[in-house]
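The values are calculated or read from the model by the stated rules, or taken from the named source; none is laboratory data. Note that this is a predicted model, so its numbers are computed, not measured. Using ideal geometry, Cβ is built from the backbone for each residue, glycine included, and neighbour counts are taken over all protein chains shown. Just so you know, the surface numbers come from the protein's heavy atoms only, side chains and all, with ligands and any DNA or RNA stripped out. Shrake-Rupley method; radii C 1.70, N 1.55, O 1.52, S 1.80 Å.
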Amino acid sequence: MDERDFLAHRFEEHRTHLKAVAYRMLGSLTEADDAVQEAWLRLSRSDAGAVANLGGWLTTVVGRVCLDMLRSRTSRREDPIDERLPDPVIAPASGTDPEQEALLADSVGLALLVVLESLSPAERLAFVLHDTFAVPFEDIAPIVGRSPEAARQLASRARRRVRGAAPVPERDR
């Protein structure tokens, strides 16, 4: 097994987790696949031998890719024809697909994903990584480009919105 095959094997060990992170961030299976693929491309172009914690490194990369994708949604200023809902995770009709089962077990309900759509990209990333995957704020801070205290505040603000304590004011059209 050459070095590239070894790296691909190690990446595949983390694929399900990465796809779950990306899906929770983006609410779209196709965009989640795109984010995971982008993480693979970045890994294959980097010095993977210098990475001490591959799972953490890949989670950080996927988080940053998702953050960029979420920010680009708002910068395009496109008005959707109808309300955009997250893609449902559906089990295959025949047979058992372990990846789909793991994704389904890890996925949050559609209702939470709809609520997550109301959060800013940085709030969403801080909330998902900390509350769902127990990533410490010290690790989240460099991803969102803020201090650990600011990352903690982002997650706290997101929690209040998810609980309904601070409704998002409707934008003036």
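Brief remarks on what is shown
- Residue check, Leu41 aliphatic (A, V, I, L, M), at pLDDT 90 or above, surrounded by fewer than 16 Cβ atoms within 10 Å (Cβ to Cβ) and over 11 Å from the mean Cα position of the chain (by Cα): yes
- Criterion: of a type in the set (Ser, Thr, Tyr) and either at pLDDT below 70 or open to solvent by less than 30 Å² (accessible area, probe 1.4 Å) (or both) - qualifying residue of Ser107, Ser147, Ser156, Ser118: Ser107
- Single unsatisfied condition, Val62 versus (1) buried (at least 16 other Cβ atoms within 10 Å of the Cβ); (2) farther than 19 Å from Leu125 by Cα: (2)
- Condition met for Glu31 (loosely packed, with under 15 Cβ neighbours inside 10 Å and of a type outside the set (S, T, N, Q)): no
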